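Structure, as structure tokens:
The values are calculated or read from the model by the stated rules, or taken from the named source; none is laboratory data. Note that the structure is a prediction, hence the values are computed from the model and not measured. Just so you know, the surface numbers come from the protein's heavy atoms only, side chains and all, with ligands and any DNA or RNA stripped out. Shrake-Rupley method; radii C 1.70, N 1.55, O 1.52, S 1.80 Å.
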Amino acid sequence: MYYQDTSSRINFFAGLVVGLAVGAGIALLVAPQSGKRTRRQLLRAAADAREGAGQRWQGVAEELRSSVDAGRRRFGL
């Protein structure tokens, strides 16, 4: 019984990986622009996402610092 569960999971994930690879290949073949342009666009999107995540992280860190300071003042620490 355990073997069947494991086997079906392996088959599912193998199918998922193969499907992703086939889908990516088809997407590259029918892409409306050149690979160089697409790579440039992907790199720019990744850099923008990284910058946005950094800014959000800084905002969260500042908010956390402010909350900790407020808690310390409230409890006289």
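Overview of values
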{"quantity": "Residue match in the range 17-31 (condition: within 19 Å of the chain's Cα centre (by Cα), of a type outside the set (Gly, Ala, Ser) and open to solvent by 80 Å² or more (accessible area, probe 1.4 Å))", "calculated": "yes"}
{"quantity": "All positions within the range 16-52 that are β-branched (Val, Ile, Thr) and in a helix (DSSP H, G or I)", "calculated": "17, 18, 22, 26, 38"}
{"quantity": "The range 42-77, residues that are open to solvent by 100 Å² or more (accessible area, probe 1.4 Å) and not hydrophobic (A, V, I, L, M, F, W, C)", "calculated": "44, 50, 51, 55, 56, 58, 62, 63, 65, 72, 73, 74"}
